[in-house]
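Notes for the one structure printed next.
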Amino acid sequence: MTKPAEIRAHVLANLDHYLAELEKQLTGQGGTVVYLRSADEAADYIELLAREREVRVTGGAEGIRRQIEQLEPRLEDYLKGEPCVAVESVAIEGSGIGLAGAAFLIADAGAICLAGERTGAARPRVQVVLAGIEKVLPRMRDMAVFLPLVGGSDVRFLTGPRRAGELDGPEELYLILLDGGRSELLANQEKRDLLRCVRCGDCLPGQAGGRAVTCPVAIDIESLPLLLREEAPAEVSGWKFRLWGFVMGRPRLYEFAGQMLRAFWREQWGLPAPAAKTFRQLWREGKK
Amino acid sequence: MSRDALFESLRLALGRKKFQKPSTPPEPLLLNRNWTLEQRLERFREAFAAQGGMLHEVSSAEQAQALVAELLAGGEAVASGAPLLAELGILALAGVQSGFTDAELLRNACRTARIGISSCHCLLAESGTVVLRFTPEEPRSIALGLPLSLIIVSRRKLLTNLDELLGLNPRSFESASETAMVNGSESSEIHLILV
Ligand code: SF4
């Protein structure tokens, strides 16, 4: 097994321990940790929080739920190539509440790692981060092997809300840990390994481009159940599909396409977004 | 879902007992390259430029001041409370506002200024990364919130790579509320002065 695979397997086998450590550490640094069952529960929670903080929410709980599913899609949906947004989202008006999806959680530092493009662009008063319970890693130094696996030119480690004397930064930091069927996957020996996935995107439909993919956490991609291995959305064909393939190989171009176009891309055609690769390649180069 | 119910189902799924300690986790291998300062500089120059960053290298406070004045071009800047900036005489330059202790005043200053001047925690040569750590002296809005981010830092802060940073003091992250690792920026210009 590769080192990342070994570490992920160790975390999953002791998940309750590392979640408890993360919770204790982050709470000690002023953060709030919440465990919720599903995207629906999380949406209700966030809507209530917005109401309490007197922040207006466009699209209501339903709008929030859609965002949650994009920020932190279920693992099965992710591996099927469901579109998923990088990190930050702005469904909530003003900069009252910001939503983000975590790339990793680090137990010993009580840290949330966000990785993507412009992850710190919004400066909300209340920062809410969503993460599947499987995303935890034992120690900060594990980032040496895991950070190079994910994309994004902007990496942030949130270790709590703003501290005494700080003039900016979120006044409140919430980490919502989602079960979303993960504890069931964990109970199933065959499926538990899937939770090792760090969402590097390499095996997603369209990303491989014909070359053999080696999963960094040694998930047997060939034998991923059929339900996870659907090809690129079936209803998309012809020139749209070719354009998709072209842009997929060029994350910068996709970034360049502009907010509206990208939203259209995802919602009208149901096409997965390409992962940003430049930063990842850089980190990787360093590893050679 | 209650926390306890989740933990109960996790333990059941994993066959673990309450408060059971795990075995020691596998150690990640940290890559130690032992690059000389010159090697680190060379690599950083290349990687930083590749991301669209502008690197300036100076060898005295006077040179640093002259460079900042040139970038300011008579405009306004806000500066952080990083000790290095005061040592180099940057805070005394015309058009540079600093010494913020009030959030509202800082916000207003950032609305009109074009340049944010700050220092950083360290630099990573291999990837051309600027590592920023936000503290009362180093607010986020000065370091990254303005059209031009000007970061002034000592050559001594140039590390080889992420592995070196993590190996040095992995627990240092908890000492601040946020650490950002920035590789170029699509929304603003980044200039770095190495002293
Ligand atoms: S290659 Fe492995 S880690 Fe990467 S997305 Fe696929 S299953 Fe997950």
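The values are calculated or read from the model by the stated rules, or taken from the named source; none is laboratory data. Source: prediction; values computed, not measured. A quick note on method: Cβ atoms are made from the backbone with ideal geometry, for glycine too, and the neighbour counts reach across all protein chains shown. Ligands, DNA and RNA are stripped out before the accessible areas are found, and what is left, the full protein with its side chains, is counted by its heavy atoms. Shrake-Rupley method; radii C 1.70, N 1.55, O 1.52, S 1.80 Å.
The alpha-carbon positions of chain B define a convex hull whose volume is 175 Å³ per residue.
Report relative contact order for region B:29-194 in percent, whole number only (criteria: Cα-Cα under 8 Å, sequence separation at least 6). Can you show the working numbers first?
Working: 305 pairs, mean separation 49.8, N = 166.
Contact order relative to length: 30 percent.
Seen from B:L12, the other residues with C-beta closer than 13 Å to its C-beta sum to a net charge of 0, counting Lys and Arg as +1 and Asp and Glu as -1.
Placing unit charges on each Cβ (+1 for Lys and Arg, -1 for Asp and Glu) gives chain B a dipole about its Cα centre, and among B:G15, B:G99, B:A64 the Cα reaching farthest toward its positive end belongs to B:G15. Only helical runs count toward this figure. For chain B, summing -39,500 (n - 2.57) over DSSP H runs of n ≥ 4 and dividing by all residues gives -9500 deg cm²/dmol at 222 nm. Against chain B, whose longest principal axis is taken from its Cα atoms, helix B:3-14 shows a tilt of about 60°. The accessible surface of chain B, taken with every protein chain in place and a 1.4 Å probe, is 53 percent carbon and sulfur. For peptide B:156-165, the mean count of partner chain Cβ atoms within 10 Å of a residue's Cβ comes to 3.
Buried surface for the A/B pair, taken as the accessible area of each chain alone minus that of the pair with a 1.4 Å probe, is close to 5200 Å² in total.
Legend: mean number of C-beta atoms from other chains within 10 angstrom of residue C-beta atoms, peptide A:157-164, equals 6.
On full extension of the chain, what length is gained from B:T112 through B:S23, given 0.36 nm per residue of separation minus the C-alpha to C-alpha distance? Present the calculation step by step, with values, prior to reporting the outcome.
Values: separation 89, 0.36 × 89 = 32.04 nm, distance 5.49 nm.
Residue separation times 0.36 nm, minus the Cα-Cα distance, leaves 26.5 nm.
Across region A:7-36, the residues whose backbone nitrogen lies under 12 Å from the label position 7 Å along the beta-carbon direction of A:R53 are A:32.
Stokes-Einstein diffusion coefficient for region A:4-218 at 4 °C in a medium of 1.567 mPa s, Rh from the Kirkwood formula over Cα pairs: what value in µm²/s?
On the way: Rh = 17.5 Å.
Answer, rounded: 74 µm²/s.
Classify region B:30-69 from the C-alpha gyration tensor, please: rounded if a/c falls under 1.5, else prolate or oblate depending on whether a/b exceeds b/c.
On the way: a/c = 3.68, a/b = 1.76, b/c = 2.09.
It is oblate, given that a/c is not under 1.5 and a/b is not larger than b/c.
Please report the net charge: other residues with Cβ closer than 9 Å to the Cβ of A:D168, K and R +1, D and E -1.
Values: positive: A:R123, A:R162, B:R107, B:R140; negative: A:E166.
Cβ neighbours under 9 Å give a net charge of +3.
For B:M54, the solvent-accessible surface computed with a 1.4 Å probe is close to 90 Å², ligands and nucleic acids excluded.
Per residue of peptide B:130-139, the mean number of Cβ atoms on other chains within 10 Å of the residue Cβ is 3.
Taking the longest Cα principal axis of chain B as reference, the axis of helix B:37-50 is set at about 90 degrees.
Leaving out ligands, DNA and RNA, and with a 1.4 Å probe, what % of the accessible surface on region A:4-218 is carbon or sulfur? Working shown, then result.
Details: 3350 of 7090 Å².
With neighbouring chains kept in place, the figure for region A:4-218 is 47 percent.
Give me the 1.4 Å probe accessible area per residue for region A:4-218, excluding ligands and nucleic acids, in Å².
Heavy-atom accessible area per residue stands at 33 Å².
Seen from A:G110, the other residues with C-beta closer than 10 Å to its C-beta sum to a net charge of -3, counting Lys and Arg as +1 and Asp and Glu as -1. Close amide H contacts of A:V136 (hydrogens built in the peptide plane, cut-off under 5 Å, sequence separation of 5 or more or a different chain): A:L105.
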